[in-house]
1. At each listed q (0.16, 0.19, 0.22 Å⁻¹), what is the log10 of I(q)/I(0) that the Debye formula gives for segment 272-387 modelled as equal alpha-carbon point scatterers?
2. Nearest 5 percent is fine: what portion of the DSSP beta bridges confined to the chain is antiparallel?
3. Over 25 Å between C-alpha atoms is what I'm after, so list which of LYS92/LYS185; LYS180/LYS244; LYS67/LYS202; LYS67/LYS185 land there.
4. If you stretched the chain out fully between ILE375 and PHE187, how much longer would it get, using 0.36 nm times the residue separation minus the C-alpha to C-alpha distance?
5. Rounded to whole Hz and in sequence order, give me ³J(HN,Hα) for segment 12-20 from the Karplus expression 6.51 cos²θ - 1.76 cosθ + 1.60, θ = phi - 60°, writing x for Gly and Pro.
6. What percent does the relative contact order of the chain come to when contacts are Cα pairs within less than 8 Å and at least six residues apart?
7. Compute the longest continuous run of the chain that contains no exposed chymotrypsin sites (Phe, Trp or Tyr not before Pro); treat a site as exposed when its DSSP state is not H, G, I, E or B and it has at most 15 other Cβ atoms within 10 Å.
8. Taking the Cβ of ALA197 as the centre, find all other residues whose Cβ is under 12 Å away and add up their charges (Lys, Arg: +1; Asp, Glu: -1).
Amino acid sequence: MEAVGKNIKEFKPGDEVYGNKFGAFAEYIVATDKALTLKPASLSFEQAASLPVAALTALQALRDSGKLQPGQKVLINGASGGVGTFAVQIAKAFGAEVTGVCSGRNVELVRSLGADHVIDYTKEDFTKRAERYDLILDNVGNRSPLECRRALNPNGKIVVVGGGGVNDSRWTGPLVGVMKMLALKRFVTQEMTMMLAEMNRKDLTLLEDLIQTGKVKVVIDRTYTFSQFPEAMRYLEEGHARGKVVVTVGDTIEPLAPSANRNAAVASTPSPVLIALELIAIPIVILILPIIVAFVLNRRFKRRHPGTRGFRWGYYFSIMSFIAGLVVGLFLEAGATGVIICGLVYAILAWFFAQRQHWAWIALTILSFNPIAWIINAIYLWKRWPEGSLATPAT
Ligand SMILES: NC(=O)c1ccc[n+]([C@@H]2O[C@H](COP(=O)([O-])OP(=O)(O)OC[C@H]3O[C@@H](n4cnc5c(N)ncnc54)[C@H](OP(=O)(O)O)[C@@H]3O)[C@@H](O)[C@H]2O)c1
């Protein structure tokens, strides 16, 4: 601690502290007292630096989101990483039966942390085994919620901690997995949640106690100096750290070393402009284009059927239903055939819907799985039911 504000009573210059703050890759940082806590003398700075994100995440994911109880079976996907190595040990300290998933080279490490069973993901797929778990803690995000569900008890839970790593799509990041989970969780008995760790001093004290009593140890894979930041980040981004990667900020700060690979790393990352364009283009294509098409179809309809009431919402709903059909196909994860079949079913229903066939109207409304569409369509149907289908001339 270099200096404190005038109202700060808890800290004084010279205190050894640690904490959690965005922008902390720096020699000096300004933080509120809530972001920091005193470092116990028994912990090194490297050990302390490992706790506020990874260990807090593991603790809060298991205890608060997962509600882990003694005797329950928990599977930790990504058991050998920063969060995973803490999660294995904390779950054991809570009295759970722990299964860790990692690659072959880390099996011994995960076992040494107390895991009762270890699955080498290069040899075996945990979602295809007969074993069922009460809780899956997913630090990797490489398996869809539907796949994870197969490995859960009917009342089990999935807590998603990870994603956005090397296993994600370059363009969509963890977004698709999140959307799948949000859509799926309504229809299954298992609980599915994502969590974000929160800085919490009480929890840090609990972790310090677990370390002091030997129930949890901090696994540090590599330590880099401040000037080696780019190398440290590159190593982390490879997604195969074994425990924590720590950067030390010594008293003498060395300037960042020029990196020949920095340009290559930048080139392999999608540019922010492209990502922004993608974020603008997707809503335009999915939301606005169908509106335009619906208006065009409606004008064409009115030209062909003079004196008949328009059907703009109907056309719009038909197009959106077709898109929804494709999305349902994707969610069901039955491959291209699944997407085509779902798309076709919805397209056929949408066609009859656009012909104002009441049965298709009702079927498609139900299959929209969308309470807002149910309400709008119910009102629409109630108002326009007497019009009859296009095959029956309106009176
Ligand atoms: N929600 C939150 O608040 C929060 C907080 C912290 C971190 N996170 C996120 O949680 C994730 C994990 O963080 P971390 O710090 O633990 O990452 P990490 O230290 O980089 O760990 C990655 C680990 O994942 C393992 N792994 C890679 N591919 C795997 C696969 N297909 N199956 C199983 N394991 C695999 C690797 O093991 P092998 O080398 O054996 O492959 C490695 O040990 C990241 O996405 C991070 O962004 C979220």
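Derivation of every value follows stated rules applied to the coordinates shown; laboratory data play no part. Keep in mind that this is a model prediction, so the values were computed, not measured. Because the Cβ atoms are built from the backbone with ideal geometry, glycine has one as well, and the counts that use them run over all protein chains shown.
1. These q points yield log10 I(q)/I(0) values of -0.81, -1.06, -1.26.
2. Antiparallel: roughly 15 percent of the beta bridges in the chain.
3. LYS92/LYS185; LYS180/LYS244
4. Extra length from ILE375 to PHE187 when fully extended: 65.7 nm.
5. 9, x, x, 5, 8, 10, 8, x, 9
6. 11 percent
7. Maximal segment without exposed cleavage sites: 188-368.
8. Surrounding charge for ALA197 is -2.
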